[in-house]
Amino acid sequence: MASLQEFILSLKEKVQQRSNDIDELLTNFQISLEDCKKYAFVKDSKGCSRNLIFDEPEVCRLTLSVWKPGFQNKIHDHGQSNCYFKVILGLLEETHFRDGRHIADSVYKEGQVCQMTDTGACHQMKNKHHAHSVSLHVYIPPFDRCNTYDEAGGAAIPVTPSFISRYGFAVDRESRRLFDV
């Protein structure tokens with residue numbers, strides 16, 4: 001079983017090579033929940049807690065999202081960033097939108113990988129699991145601003161996503177670890 005640190009090294013190599021098979025890399029690496037636990041922080045006021053694991057400005061970013069049971073985020077894009085994610089724990093539903101229209105729904109279980117590399121697309125995620133779900137996300141290049149939408153085809157609302165932990169350390173006193181480490 002490969003470690004998360006080995007995955008980061010491989011990810012950096014693939015990005016430097018301008019490789020398009022990041023989804024294949026995520027699929028082939030058997031990243032364990034145990035490997036991710038030290039990064040899995042939650043905040044009671046957040047339905048989805050974003051945790052920064054690795055960041056190389058203008059190159060790539062690796063984050064861990066922890067989803068409360070039943071939580072559904074807003075429809076959103078990733079700016080000019082390509083997004084890849086892998087479900088580490090639980091069950092996530094993704095609803096795809098393009099040009100203001102609903103395109104498809106997909107459900108991802110543990111170990112499954114998805115990508116959103118169409119800059120004109122947006123999506124919405126929902127935790128379909130009865131407990132917390134955890135997903136690992138790769139963004140190429142990293143983004144610091146994106147848009148949310150109240151409804152498909154609605155007006156773009158610019159937002160600046162934040163992290164509740166960085167590199168395995170809480171950013172404030174309200175953030176707590178989901179698992180014992």
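The values are calculated or read from the model by the stated rules, or taken from the named source; none is laboratory data. Fair warning: this is a prediction, and the values are worked out from it, not measured in the lab. In this analysis, Cβ positions are derived from the backbone assuming ideal geometry, glycine residues included, and neighbour counts consider all displayed protein chains. For the accessible areas, the whole protein counts, side chains as well, though only heavy atoms, and no ligand, DNA or RNA atoms are used. Shrake-Rupley method; radii C 1.70, N 1.55, O 1.52, S 1.80 Å.
Per-atom-type breakdown for the chain gives carbon and sulfur 46% of the accessible area (1.4 Å probe, protein chains only). Add +1 for every Lys or Arg and -1 for every Asp or Glu among the other residues with Cβ under 13 Å from the Cβ of S133, and state the total. Spelling it out: positives minus negatives among the neighbours equals +2.
Solvent-accessible area per residue in region 1-116 equals 48 Å², computed with a 1.4 angstrom probe and all protein chains kept. Among G111, G120, G90, the residue with the largest mean-square fluctuation in a Gaussian network model of the chain, with springs joining Cα atoms closer than 10 Å, is G120.
Here the extension length gained between Q115 and A170 equals 17.0 nm, from 0.36 nm per residue of separation less the Cα-Cα distance.
How would you classify region 68-175 from its alpha-carbon gyration tensor, with a ≥ b ≥ c the square roots of the eigenvalues: rounded for a/c under 1.5, else prolate if a/b is greater than b/c, otherwise oblate? The shape class here is oblate. For S106 and I157, the FRET efficiency from 1/(1 + (r/R0)^6), where r spans their Cβ atoms and R0 equals 22 Å, is about 0.35.
Once a ≥ b ≥ c are taken as the square roots of the eigenvalues of the Cα gyration tensor of the chain, is the result rounded (a/c under 1.5), prolate (a/b larger than b/c) or oblate (a/b not larger than b/c)? Note, shape of the chain comes out rounded. Quick one: net charge around S49, please, counting Lys, Arg +1 and Asp, Glu -1 for every other residue with C-beta under 13 Å from its C-beta. Summing Lys and Arg as +1 and Asp and Glu as -1 gives +4. Where in region 58-136 are there GluC sites (Glu not before Pro) that are in a DSSP coil and have at most 14 other Cβ atoms within 10 angstrom of their Cβ? The qualifying sites are E58. Dipole size of region 88-181 about its Cα centre, with +1 on Lys/Arg Cβ and -1 on Asp/Glu Cβ: approximately 220 debye, rounded to the nearest 20. Modelled spin labels at K12 and R98, positioned 7 Å past Cα toward Cβ, are 3.6 nm from each other. Ranking D77, D172 by solvent-accessible area of protein heavy atoms (1.4 Å probe, all protein chains present), from largest to smallest, gives D172, D77.
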